[in-house]
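**Student:** Below is a structure I'd like to ask you about.
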Amino acid sequence: MGKRLYWTALASVMVSGAGLLISPVQAAPPPSLPAERLDWQAWGEEAPPDAVCRGRYVAPDYRLAPGDTPSQVRSASDTAYYGANGETILGGEVILRRGESQLEAPRVRVNAERDRAFASGPLALRDRGLLVRGDAAEMALDSDAAEIDIAHYVAHEQRLRGDAQRLQRLEDGRYRLTEASFTTCEPGSDLWRLVSNDIVLDRESGFGTARHARLEAGKVPVFYWPWVRFPIDDRRQTGFLWPTLGFSSGSFDYAQPYYLNLAPNYDATITPRWLSDHGLLLGGEFRYLFPSDAGQLEGAFLSSDGGGSDSDPNASARRHEGEDRWYIDYRHNGRFSPRLRYDLRYGGASDGSYFDDFGRSFSETETNSLARLARLDYRGSLWRLEGRAQGYQKLEDPLLDRKKPFYRLPSLTAAATWRQDSGFYQQWGSNATYFWRDVNETRVPLREAPVGTRLHLSPAVGWRTEPSWGFLEPRVEMLHTAYSLDYGQRQTDRATSLTRTVPVSSIDGGLVFERELDIGGEGYRQTLEPRLNYAYVPARDQSEFPDFDSDELAFSWNRLWSPYRFSGSDRIGDLNRLSYGVSTRFLEDDSGRQRVSLGVGQAVYFDDRHIDMAGDPDTLPAEDDSTPERFFRFYNATRPRSPVVTRLDWQVSERWSTRYEWLYDENLGRTERTSVGLGYRDPRGHVLNLGYRWQLQGFDPSGDAEDRLGYDREDYDVSFAYRLDPRVDMIGRFLYDNTNGRALEQLAGVQWNDCCYGVQLVWREWIEDNDTANTIEDDFTDRGIFLRFVFKGLGGVGQEADTYFEEAIPGYRATLF
């Protein structure tokens, strides 16, 4: 729960440098002192590699030892004598110490009562990591009170400094500054400072307040607050956060969050947001943290949407004009014991276009659904038990009945494994689920029309041996599935009680050969690992079975060694296949770290694969080459061999690495899918990623028709991050769709991280596909310029986008402001 206060204000007014009325008397702090008088030490050649400041504040040791008690005052001076009224006058190099406070001055007068000291400057007062220099001072000797004229102060740990016509240390430990300034910039820099008639710094609570305050950038006034509250350390504080402003298509967007530090373990943020073409949207977030539980609730509400500024009456925002728009998202997880955990999640939105119109943040790439879940999970030494109720709202507008997801109400799972020293093992898997969704049964495909209960049992027995020279594992699994279905108003002759039992047998084995190598003076251990895997799954009639959660899988390296052709449990694909392959690895002798892994494999099919999503064991897909997708359906079901799969992982050096995958159809002499990536990682923060991807249309059969590519895909992807020095990062990405001759995403940005401020400026242009991958006709281009400016120690303006940049540029880690 690391959210912290950026600033708090009663009101604020943007101003220009031409004129600024802030109070009856304009604050005018004294000029700053040079760096050497503020305990500032330049790094020189000792600068840490990640230093963004050119030096640091270093407090010298106390010059006098502390007294025997905290209230005892110790002193040292060149001269000392009594005045006419009984006062003590110390001269020369005078030092007084009381507790953790130390005063240094050329002349100090202590009154006859010995409870006050008056110092003439130039003087220095030190107190618990704080330095104050001034012209004159009055200091209590029986309390912490002090007052200094023409003061210049430094808080070493907080890295802040400033100047004041008068500085008072109050008896409660706070500091009051009159006509004062405050900044975290290093000495000699006035890039920004806060100037006020009255500043109070409370180091115990970690915040400061100022009245009639103005923000100066380069001594030019740019902002004014009648009253402002700001942090002086990293503790969370209640108050306004910096606003977020945006402009898009003629619309003005202003969000003003207010943070509530309710307790050490829970907080809240309330965010009124004004969109000029929609209206006032009120958002909020509540977070809590307990020893065994944590959660978060967020949401937003807009009454009577203004409809946006789009002139198209069919635009999504215009379709909801006059309607209430909202969303809610609740997450909670916890544990009853180390073995028993639970999760709760509920998300919902007024419509499928909510996040397209209002979004959450720049760092969030896309919200396609909102999850709903209640789960109880037990993990014992033998059994794993789980009960869940699960669903989600799919965010499409309009949402067709056939696209609505099934809910699991509930789903109960039990799994266990028993192993013997001889290598034999037994497994038990079982799941019972009731599937439901709210649709018109007559408007969806027949296999998706019913709701009902599915019981799926998957007991298995096997034996595995793993000597140093290889492994062998025969295995038999019995998959039994039973349904009790309800078609509602849909008229059908299909049975409502169905069962299916399918044995899945496989034998997997491989050898491991090793040899020692010397390459370039370095010792390596090379392995050669041939592997065979045979799997047999008979065909069973599933033509009347529903489709609750199954989908056909695209071919890959892992599919060579798996007997399952479908995800989920509604379809069990028939298979009579032998896979063979060989891989080799190069391991460093000293560390055992893998430097190279190369594998080549292929599968031979002894029978055609009849079972597809239709589930009929007696028919094959139609032989139709009118489209690539239809051709692939028949070809994949009847081809005698799979594509040859080649994959390579190579750690070329400590900084360079590459990955390669190639699926080649030797029968038709063509590449079905390939991808290659080259990556560079420099410890100094430099990153380079080069990528290429090719995939034939129809290669991946998963998903709905509109989610499958309607063209051969060929992409080039270049991304980089370059750290010029610890202060400057440059980032960029270019993702190009060579098939359609267009840039899918372009991104360029710079981040400047200095001692007292940070700037993040990014331009981005990208293609939105309107949730349809099978066509580009409804795609459109979106773009934006994103600016974030942070005054360290005071706050910043703009949305944080670090998460998005780290996802878009693999290996990049944004510099924290």
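The values are calculated or read from the model by the stated rules, or taken from the named source; none is laboratory data. Note that the structure is a prediction, hence the values are computed from the model and not measured. All Cβ positions, glycine included, derive from the backbone under ideal geometry; neighbour counts span all protein chains shown.
**Student:** Could you list, in sequence order, all residues of the range 440-468 that are in contact with a strand residue (DSSP E or B) (Cβ under 6 Å, 6 or more places away or on another chain) and either outside the structural domain of residue 546 (by TED's automatic domain parsing) or part of a loop (DSSP other than H, G, I, E, B) (or both)?
**Tutor:** Once the filter is applied, which keeps residues that are in contact with a strand residue (DSSP E or B) (Cβ under 6 Å, 6 or more places away or on another chain) and either outside the structural domain of residue 546 (by TED's automatic domain parsing) or part of a loop (DSSP other than H, G, I, E, B) (or both), the range 440-468 yields 450, 458, 459, 464.
**Student:** Anything in the range 700-712 that is closer than 11 Å to residue 773 by Cα and among the charged types (D, E, K, R)? List them, or say none.
**Tutor:** Within the range 700-712, 704, 706, 707, 708 qualify.
**Student:** Now, a different point. If you check residue 90 against the conditions, is it of a type in the set (A, V, I, L, M, F, W, C), surrounded by 12 or more Cβ atoms within 10 Å (Cβ to Cβ), within 17 Å of residue 140 (Cα to Cα) and more than 49 Å from the chain's Cα centre (by Cα)?
**Tutor:** Yes; evaluated as a whole, the condition is true for this residue.
Matching residues to (1) in contact with a helix residue (DSSP H, G or I) (Cβ under 6 Å, 6 or more places away or on another chain); (2) modelled with pLDDT of 95 or more; (3) assigned to a strand (DSSP E or B); (4) among the basic types (Lys, Arg):
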{"site": "622", "(1), (2), (3), (4)": "no, no, no, no"}
{"site": "626", "(1), (2), (3), (4)": "no, no, no, no"}
{"site": "633", "(1), (2), (3), (4)": "no, no, no, yes"}
{"site": "636", "(1), (2), (3), (4)": "no, no, no, no"}
{"site": "646", "(1), (2), (3), (4)": "no, yes, yes, no"}
{"site": "654", "(1), (2), (3), (4)": "no, no, no, no"}
{"site": "658", "(1), (2), (3), (4)": "no, yes, yes, no"}
{"site": "661", "(1), (2), (3), (4)": "no, yes, yes, no"}
{"site": "678", "(1), (2), (3), (4)": "no, yes, yes, no"}
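**Student:** A further question follows. Which numbered condition trips up residue 606, out of (1) surrounded by fewer than 16 Cβ atoms within 10 Å (Cβ to Cβ); (2) outside the structural domain of residue 545 (by TED's automatic domain parsing)?
**Tutor:** Among (1) surrounded by fewer than 16 Cβ atoms within 10 Å (Cβ to Cβ); (2) outside the structural domain of residue 545 (by TED's automatic domain parsing), residue 606 violates only (2).
**Student:** Sticking with this structure for a sec: Of everything in the range 619-638 that's loosely packed, with under 14 Cβ neighbours inside 10 Å and among the hydroxyl-bearing types (Ser, Thr, Tyr), which residue is nearest to residue 542 (Cα to Cα)?
**Tutor:** Here the answer is 619.
**Student:** Could I ask something else about it? Those residues that are outside any strand (DSSP E or B) and on the phi > 0 side of the Ramachandran plot, I need them from the range 192-234; list them, please. I'd like the intermediate steps shown before the answer.
**Tutor:** So the first thing to find is which residues in the range 192-234 are outside any strand (DSSP E or B), and the list is 203-206, 218-219, 232-234.
Passing the criteria: 206, 218, 219.
**Student:** Let me ask another. Looking for whichever is of a type in the set (D, E, K, R), in the same structural domain as residue 787 (by TED's automatic domain parsing), under 30 Å from residue 187 (Cβ atoms) and crowded, with 16+ Cβ neighbours inside 10 Å here; the options are 715, 700, 737, 754. Which one fits?
**Tutor:** Exactly one of 715, 700, 737, 754 is of a type in the set (D, E, K, R), in the same structural domain as residue 787 (by TED's automatic domain parsing), under 30 Å from residue 187 (Cβ atoms) and crowded, with 16+ Cβ neighbours inside 10 Å, namely 754.
**Student:** What's the number of the only condition in (1) free of Cβ contacts under 8 Å to residues at least 60 places away in the same chain; (2) buried (at least 16 other Cβ atoms within 10 Å of the Cβ); (3) more than 23 Å from residue 511 (Cα to Cα); (4) of a type in the set (Val, Ile, Thr) that residue 652 fails to meet?
**Tutor:** For residue 652, the failing item is (2).
**Student:** Does residue 251 count as touching a residue at least 12 places away in the same chain (Cβ under 8 Å), over 17 Å from residue 174 (Cα atoms), surrounded by fewer than 20 Cβ atoms within 10 Å (Cβ to Cβ) and polar (S, T, N, Q)?
**Tutor:** Yes, satisfied.
**Student:** Among the residues of the range 74-101, write down those that are of a type outside the set (A, V, I, L, M), farther than 10 Å from residue 64 by Cα and assigned to a strand (DSSP E or B).
**Tutor:** To start, the set of residues in the range 74-101 that are of a type outside the set (A, V, I, L, M) comprises 74-75, 77-79, 81-83, 85-88, 91-93, 97-101.
When the remaining residues are screened for being farther than 10 Å from residue 64 by Cα, the result is 77-79, 81-83, 85-88, 91-93, 99-101.
Matches in the range 74-101: 79, 81, 82, 88, 91, 92, 93, 101.
**Student:** In this structure, does residue 236 turn out to be modelled with pLDDT under 90, closer than 27 Å to residue 53 by Cβ, charged (D, E, K, R) and surrounded by 16 or more Cβ atoms within 10 Å (Cβ to Cβ)?
**Tutor:** Considered against the rule, which asks whether it is modelled with pLDDT under 90, closer than 27 Å to residue 53 by Cβ, charged (D, E, K, R) and surrounded by 16 or more Cβ atoms within 10 Å (Cβ to Cβ), residue 236 comes out as yes.
**Student:** Something else about it: If only one of 729, 717 is of a type in the set (Asp, Glu), modelled with pLDDT of 95 or more and more than 30 Å from residue 445 (Cβ to Cβ), which one is it?
**Tutor:** Result of the check over 729, 717: 717.
**Student:** Just to be sure I understand, how many residues within the range 21-41 are modelled with pLDDT of 80 or more and either surrounded by 15 or more Cβ atoms within 10 Å (Cβ to Cβ) or polar (S, T, N, Q) (or both)?
**Tutor:** 11
**Student:** Continuing with the same structure: How many residues, within the range 26-76, are aliphatic (A, V, I, L, M), farther than 22 Å from residue 723 by Cβ and touching a residue at least 60 places away in the same chain (Cβ under 8 Å)?
**Tutor:** Final tally of qualifying residues: 8.
**Student:** Now for a separate question. Only residues in the range 447-469 that are farther than 20 Å from residue 431 by Cβ count as the first member; pair them with residues that are outside any helix (DSSP H, G or I) and small (Gly, Ala, Ser), Cβ under 7 angstrom, at least 6 apart or cross-chain, and list the lot.
**Tutor:** Within 7 Å, the pairs are 463/423; 464/423; 465/423.
**Student:** Continuing with this model, one more query. Within the range 488-536, can you find the residues that are among the aliphatic types (A, V, I, L, M) and closer than 30 Å to residue 570 by Cα?
**Tutor:** 495, 498, 502, 504, 507, 532, 535
**Student:** Follow-up. Enumerate the strands (runs of 3 or more DSSP E) found wholly within the range 349-439, keeping only those where 2 or more residues are over 30 Å from residue 808 (Cα atoms) and touching a Gly at 6+ places or on another chain (Cβ under 9 Å).
**Tutor:** Because the criterion is at least 2 residues that are over 30 Å from residue 808 (Cα atoms) and touching a Gly at 6+ places or on another chain (Cβ under 9 Å), the strands (runs of 3 or more DSSP E) in the range 349-439 that meet it are 369-379, 407-419, 424-436.
**Student:** Moving to a separate point now. Which of the following residues is assigned to a loop (DSSP other than H, G, I, E, B), over 19 Å from residue 642 (Cβ atoms) and of a type outside the set (A, V, I, L, M): 586, 545, 555?
**Tutor:** None of the other options fit; the residue is 545.
**Student:** Of the numbered conditions (1) under 34 Å from the mean Cα position of the chain (by Cα); (2) part of a strand (DSSP E or B); (3) more than 17 Å from residue 235 (Cβ to Cβ), residue 164 fails exactly one; give the number of that condition.
**Tutor:** (1)
**Student:** Oh, and also: Counting only residues that are of a type outside the set (A, V, I, L, M) and crowded, with 20+ Cβ neighbours inside 10 Å, which one in the range 575-595 is farthest from residue 507 (Cα to Cα)?
**Tutor:** Checked the range 575-595; the qualifying residue farthest from residue 507 (Cα to Cα) is 581.
**Student:** Using the structure shown, decide if residue 414 is out of contact with any strand residue (DSSP E or B) (no Cβ under 8 Å at 6 or more places or on another chain) and under 22 Å from residue 568 (Cα atoms).
**Tutor:** No; evaluated as a whole, the condition is false for this residue.
**Student:** Specify the residue that is farthest from residue 750 (Cα to Cα); the eligible residues are those in the range 683-699 that are within 29 Å of the chain's Cα centre (by Cα) and either among the small types (Gly, Ala, Ser) or not in a strand (DSSP E or B) (or both).
**Tutor:** 691
**Student:** For the range 184-230, what are the residues that are of a type in the set (Phe, Trp, Tyr) and at pLDDT 90 or above?
**Tutor:** Selection gives 192 alone.
**Student:** Among 80, 117, which is without any contact (Cβ under 8 Å) to a residue 12 or more places away in the chain, surrounded by 15 or more Cβ atoms within 10 Å (Cβ to Cβ) and on the phi < 0 side of the Ramachandran plot?
**Tutor:** 80
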